[in-house]
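Heads up, the thing below is written out as structure tokens.
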Amino acid sequence: MNSTLIQMTLLMACGAVWRMLKPAGLSAEQTRLALTTVVYYLLLPAMVLEVLWSADIGVHSFQYTLLGVGCIVFAMLCIWIVGTVFKFEHRRLGAMVLAAAFPNVTYLGLPVLEQTFGSWARSVAIQIDLFATSPLLFTVGIMIVRHYGEDSEENSKSVVSFLNAPPFWAAAIAVTLNLNGMVAPEWLAGALQKLSAAVVPLMLFSLGLALSWKAVTVRNLPYVIPVIVIKMALMPLFAIALLNYLQLDGDYRAAAVLDLAMPSMVLGIVFCDRYRLDSSLYAMAVTVTTVISLVTLPFWHGVLMKMSF
């Protein structure tokens with residue numbers, strides 16, 4: 001696990017260095033936009049198609065959905081209680097809900113799980129993302145940020161319209177082909193595999209580009225601390241407790257919990273900017289939880305390996 005995180009950290013550090021040096025005059029924002037666009041519209045759908053086409057999809061896929069949704073709703077409830085008790089400003093509380101509830105299950109979770117457990121764990125990360133995290137983010141998550149933020153667009157899109165995205169379409173096609181017993185031609189499987197191979201390094205590099213120490217301020221510390229406690233401690237504990245009621249096997253349980261123990265997702269900054277929540281607070285939460293995860297992820301991995309599943 002430590003060796004895996006060292007490799008992940010080096011790739012993220014490359015992104016952080018790029019952010020400081022700006023080679024060829026390209027800023028971190030410009031570079032990250034180009035890379036994440038390629039990943040989102042081409043490389044990630046290719047990986048989703050490759051993995052889910054041959055994955056063992058069944059009742060356990062529904063278990064991932066229950067686990068992911070249960071943990072996210074639990075985190076939302078916890079941070080809402082904290083915000084209500086301390087009467088946090090709405091734009092801050094909205095950012096805190098996103099940061100505490102939605103883990104970085106793909107951009108960091110997928111490479112960590114693959115390197116820690118093996119290539120089979122990619123299916124766990126992708127199913128938790130596409131069957132739990134992303135649908136909840138693009139429906140309930142958007143409802144929450146609209147409530148706590150400001151929607152300046154006159155013709156706002158329906159929350160369901162956000163599910164009309166390349167990874168979801170790739171998942172629908174892959175699951176259909178999988179359940180109908182169709183086998184991918186060798187030439188197509190090879191092409192998908194080569195496209196998928198680029199996802200992990202580009203995701204980690206992009207994550208490094210997104211980390212900004214300028215966002216780390218003392219002013220935001222009282223708001224980030226509850227996010228850290230809920231995201232990095234209470235949410236994994238709740239996931240372990242919830243597993244007692246779900247039918248998942250040993251390594252699959254460990255991989256699922258570790259995926260939900262990931263730091264705050266990067267995508268939330270887009271929602272904060274779009275709905276005028278506290279973007280600097282969210283950016284600090286992403287940066288701090290990502291750094292802390294270098295300690296907490298080995299801890300949770302050790303705990304999970306010692307548990308008798």
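For segment 250-295, filtered to residues that are hydroxyl-bearing (Ser, Thr, Tyr) and closer than 22 Å to Leu209 by Cα, the residue that is surrounded by the most Cβ atoms within 10 Å (Cβ to Cβ) is Ser264.
Within segment 195-232, restricting attention to residues that are β-branched (Val, Ile, Thr) and farther than 20 Å from Val295 by Cβ, the residue that is modelled with the lowest pLDDT is Val200. Across segment 46-88, the qualifying residues are those that are part of a loop (DSSP other than H, G, I, E, B) and free of Cβ contacts under 8 Å to residues at least 24 places away in the same chain, and the one among them that is nearest to the chain's Cα centre (by Cα) is Gly58. Taken as a whole, the condition of being more than 16 Å from Leu93 (Cα to Cα), in contact (Cβ under 8 Å) with a residue 24 or more places away in the chain and hydroxyl-bearing (Ser, Thr, Tyr) does not apply to Tyr275. Considering only segment 93-116, I want to know if a residue exists there that is hydrophobic (A, V, I, L, M, F, W, C), assigned to a helix (DSSP H, G or I), in contact with a helix residue (DSSP H, G or I) (Cβ under 6 Å, 6 or more places away or on another chain) and within 16 Å of Phe168 (Cβ to Cβ). No, there is no match, as no residue in segment 93-116 is hydrophobic (A, V, I, L, M, F, W, C), assigned to a helix (DSSP H, G or I), in contact with a helix residue (DSSP H, G or I) (Cβ under 6 Å, 6 or more places away or on another chain) and within 16 Å of Phe168 (Cβ to Cβ).
Among residues that are at pLDDT below 90 and of a type in the set (S, T, N, Q), Asn164 is included. When the residues of segment 199-217 are filtered to those that are touching a residue at least 60 places away in the same chain (Cβ under 8 Å) and surrounded by fewer than 16 Cβ atoms within 10 Å (Cβ to Cβ), the one that is farthest from the chain's Cα centre (by Cα) is Thr217. Is segment 76-89 home to any residue that is over 30 Å from Thr4 (Cα atoms) and of a type in the set (Asp, Glu)? Yes, because at least one residue in segment 76-89 is over 30 Å from Thr4 (Cα atoms) and of a type in the set (Asp, Glu).
Residues of segment 288-304 that are of a type in the set (Gly, Ala, Ser) and either within 18 Å of Val266 (Cα to Cα) or at pLDDT 95 or above (or both): Ser293 alone.
Taking helices (runs of 4 or more DSSP H) as the structural unit, those lying wholly within segment 229-281 and holding at least 2 residues that are closer than 21 Å to Val216 by Cα correspond to 268-274.
The values are calculated or read from the model by the stated rules, or taken from the named source; none is laboratory data. Only a predicted model underlies this, so the values are computations on that prediction, with no experimental measurement involved. Glycine also receives a Cβ, built like all others from the backbone with ideal geometry; neighbour counts cover every protein chain displayed.
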